[in-house]
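Single-structure report; data block below.
The values are calculated or read from the model by the stated rules, or taken from the named source; none is laboratory data. As the structure is a prediction and not an experimental result, all values here were calculated from the model. Using ideal geometry, Cβ is built from the backbone for each residue, glycine included, and neighbour counts are taken over all protein chains shown. Ligands, DNA and RNA are excluded from the accessible area calculation, which covers all protein heavy atoms including side chains. Shrake-Rupley method; radii C 1.70, N 1.55, O 1.52, S 1.80 Å.
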Amino acid sequence: YLLQENIGRCNVMSVGFLRLHSGTLLFGFAVKNHPSQDCRYYVRHSRDEGQTWGAPVLAIPEPGYFVVNNDRLRQTRAGRILIPAAKSIDDRYHCVSTCFASDDEGQTWQRCAPYLDLPETMRASSPVGLQEPGIVECADGSLWMYTRTDRGSIYACRSADAGATWSEPQPTSLIAPTSPASARRLPGSNEILILYNDRRGVPYSPDRRAEFHHRTPLTAAVSSD
């Protein structure tokens, strides 16, 4: 059956589902009204196991073109719901990343962190910036945000205050092309599983078009720290 009709002038996309601690189901999706200037995220609630859904609630209360990948909704152990999002700030789709938060089960939302970007000295040669972020809650309660870049690896930063502030993004040991990744805590474990494209052995190219051709192989990696 139809879960969400197209209420955007372009489309609806980037679906996410999350079962909240209360048992409520949260369904998220982006509404795209313009190819490069207007795309924002909404959520809907179901309290009867998906039989019916509430009205859409705007989860990014700021104008602009925001990218939220599939399956990015997260709830911390303390109950805060987080949506990591990247905002396009120019016609090259240079993105800065942040997260939006709700402390009332998704009824109201606010941006809880300043926008993050790559260091200014790198920006001229890095039109991508920080794109398609994801968040994982670590065993110690800190949040780990990972992002796509065009610098030859996945970048990451950390928050110790529920997403209000973040450390400066730094390259990880995950060598990757300009492609998204997805990470989760393994159930019942402190380990983090990430799926990404491992491009070790493939020379890095500043040509963005060439970079897109290296989204292989698909790799799973686990971190225990």
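Report the residue count in segment 77-107 for those that are out of contact with any helix residue (DSSP H, G or I) (no Cβ under 9 Å at 6 or more places or on another chain) and open to solvent by less than 10 Å² (accessible area, probe 1.4 Å).
Residues in segment 77-107 being out of contact with any helix residue (DSSP H, G or I) (no Cβ under 9 Å at 6 or more places or on another chain) and open to solvent by less than 10 Å² (accessible area, probe 1.4 Å): 14 in total.
Anything in segment 202-225 that is at pLDDT below 85, of a type outside the set (D, E, K, R) and open to solvent by less than 80 Å² (accessible area, probe 1.4 Å)? List them, or say none.
202, 205, 210, 212, 214
Please verify whether residue 38 is of a type in the set (D, E, K, R), modelled with pLDDT of 95 or more, open to solvent by 20 Å² or more (accessible area, probe 1.4 Å) and over 19 Å from residue 12 (Cα atoms), treating the condition exactly as stated. Give the derivation first.
On the way: of a type in the set (D, E, K, R): yes; modelled with pLDDT of 95 or more: yes; open to solvent by 20 Å² or more (accessible area, probe 1.4 Å): yes; over 19 Å from residue 12 (Cα atoms): no.
Considered against the rule, which asks whether it is of a type in the set (D, E, K, R), modelled with pLDDT of 95 or more, open to solvent by 20 Å² or more (accessible area, probe 1.4 Å) and over 19 Å from residue 12 (Cα atoms), residue 38 comes out as no.
So that you can scan it fast, the table gives a plain yes or no per residue for (1) closer than 30 Å to residue 139 by Cα; (2) touching a residue at least 40 places away in the same chain (Cβ under 8 Å); (3) basic (Lys, Arg):
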position	(1), (2), (3)
36	no, yes, no
43	yes, yes, no
47	yes, no, yes
52	no, no, no
58	no, yes, no
63	no, no, no
71	yes, yes, no
76	yes, yes, no
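Which pairs do you get when a residue that is free of Cβ contacts under 8 Å to residues at least 12 places away in the same chain, found in segment 1-22, comes within reach of a residue that is among the hydrophobic types (A, V, I, L, M, F, W, C), reach meaning Cβ atoms under 9 angstrom, with the pair 6+ apart or on two chains?
Hits for this filter: 5/12; 6/12; 6/31; 19/25; 19/26.
Find all pairs meeting these conditions: Cβ atoms under 8 angstrom apart; at least six residues apart or on different chains; first residue within segment 144-167 and free of Cβ contacts under 8 Å to residues at least 24 places away in the same chain; second residue among the charged types (D, E, K, R).
That search, which allows pairs on different chains as well, returns 167/158.
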